[in-house]
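Each remark here refers to the structure printed beneath this line.
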Amino acid sequence: MPLIKSISGIRGTLKGDKDSSLNTDVIKNFTSSFILHLKNINKNKIISIAVGRDGRVSGKKISEIICKVSLKMGIKIFDLGYSTTPSVAVFIEKEKLDGGIMISASHNGIEWNALKLFNSKGEFISKDDFDNISSILEKKSFKNEDTNPVGTIITNSNSIEQHIELILSHSLVNINKIKKSKLKAVVDGINSTGGIAVPRLLEILNVEVVKLNCKPNGNFIHDPEPLERNLVELSKSVIKNNADLGIAVDPDVDRLAFIDERGQYFGEEYTLVACADYVLSNISGPTVSNLSSTKALKELTEMKGCDYFYSAVGEVNVVEMMKKKNAVIGGEGNGGIIFPSIHYGRDALIGIVLFLSHLVEKNCSVSNLRKQYPKYYMAKKKMNISEVSFEEIFKKLKMKFSDCKIIEIDGLKINFKDTSWVHLRKSNTEEIIRVYSEADSITKANKIADKIINLVDNL
């Protein structure tokens, strides 16, 4: 697979041979460009960055390469070892560092890895930052940087604990009531760092934990994206252990999904809806989600007397809109919760405590909580994009559906008159077109997505 470069970082496959797109030279050059970018921003000071990784086997080697390059460029590195994407982000902000790198390909398979880049706020870099780094990389402006004095490495293995401590200090987290409820949860950590972070968080909250795939050895025994089709084992384990709920995260712990006490999927789209319901019950303010997320959040927000706004897909875009509108909560329908009073970034650990606080204050089961929200269903499909002209496809689709409301800020979203919709966009992380549709039944949602895919195939 080719190397994918975007504001989400660089992402590629590792095969240990000439076919590896994320090879040693790529990692060295990209790291050097990022560090020089930080040096250009912060003149006349020693740069400090954090480096963390998820449970992938390839992460340790990549971390060693990054640290070696960083040392030669004379900077200070905080080597966090096993961590999560939100934990690295929080650490950067808390310690007032200049940036950071998380080594994780998020929901992608085991053959993938990536370098996710953070700025000094602990947020993903902007498009302007990425363009500057790309320009440095193209010009190889860092060629002579290894003549600088040797930097230093500080080992810190407490980033997850620091992150948890910050979350539990928030006034909206109902620690006492969660502890008294004596909940039981099965945790699927996909054998990555969620298997460390989630049980630690729950044990502090006096939640009995049944661990499933919680060894951070990188052995993803199922597709790591926390979708219903990938959580069959978790559903069975919830029933077998008579648990109150199941909790699933992706490898770097920025996506979150729940299973109810009957073994039924709560819906990754409704992770954000439930957390927003709790937050808006305590704090009034706008909410934000991306164009590919369920309309249930808009309905919930407006029912609470607050304003809802949509953004382009991607954490950076959601965060930008949240800041612009001063949103109190936002995120993405993939189970990504952004709670700005902690930090501006998707965070499964924050999502867990908000969800549990909501659950115990409602004093109901997870299945009954789900019944309180609209019954919308989403089909999430994809198409290969080899030799595809997006402009031509979108132009023809706009003509065909000219009587519908069209949104073009990110790909093409068609809002049909019956309130169902479909959204087509090029993925930032894979060489595919994502086709998402939502309707009042899963059959209808699938039919809409399939119809659009067939139309595209025959254009």
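Summary of values
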read-out	value
Filtered GluC sites (Glu not before Pro), the stretch 391-459: DSSP coil and at most 15 other beta carbons within 10 Å	408, 431
Karplus 3J(HN,Hα) series, Hz, for the stretch 257-267 with 6.51 cos²θ - 1.76 cosθ + 1.60 (x for Gly, Pro)	9, 10, 10, 7, 5, 9, x, 8, 6, 6, x
Among the listed pairs 121/325; 295/451; 116/381; 396/417, those beyond 23 Å (Cα-Cα)	116/381
FRET efficiency for residue 362 and residue 417, using Cβ-Cβ distance with R0 set to 51 Å, rounded to 0.05	0.90
Alpha-carbon centroids, the stretch 332-361 and the stretch 43-119: separation in whole Å	23
Model label zone, residue 208; criterion: amide N under 20 Å from point 7 Å along Cα-to-beta-carbon; scope the stretch 348-382	356-357, 359-361, 363-367
Qualifying GluC sites (Glu not before Pro) in the stretch 192-236, DSSP loop, other Cβ atoms within 10 Å at most 14	none
Label-point gap, in nm, between residue 96 and residue 341 - each point 7 angstrom along Cα→Cβ	2.5
Relative contact order of the chain, pairs being alpha-carbon contacts under 8 Å that are 6 or more residues apart, as %	12
Full-extension gain in nm, residue 43 to residue 156, via 0.36 nm per residue minus C-alpha separation	38.1 nm
Given charges at beta-carbon only (K, R positive; D, E negative), |dipole| of the stretch 6-49 in Debye	260
The chain: C-alpha gyration tensor shape, a/c 1.5 cut-off, then a/b vs b/c	oblate
Peptides 256-262, 366-372 ordered by average Cβ neighbours within 10 Å, highest first	256-262, 366-372
Full-extension gain in nm, residue 440 to residue 228, via 0.36 nm per residue minus C-alpha separation	74.5 nm
FRET efficiency for residue 28 and residue 384, using Cβ-Cβ distance with R0 set to 22 Å, rounded to 0.05	0.10
Computed lengthening from residue 219 to residue 200, 0.36 nm per intervening residue step minus Cα-Cα distance	4.8 nm
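All of the numbers you see were taken from the coordinates with simple rules; none came from a lab. Since the structure is predicted, the reported quantities are computational estimates derived from the model, not experimental observations. Positions of Cβ are backbone-derived with ideal geometry, glycine not excepted, and every protein chain shown enters the neighbour counts.
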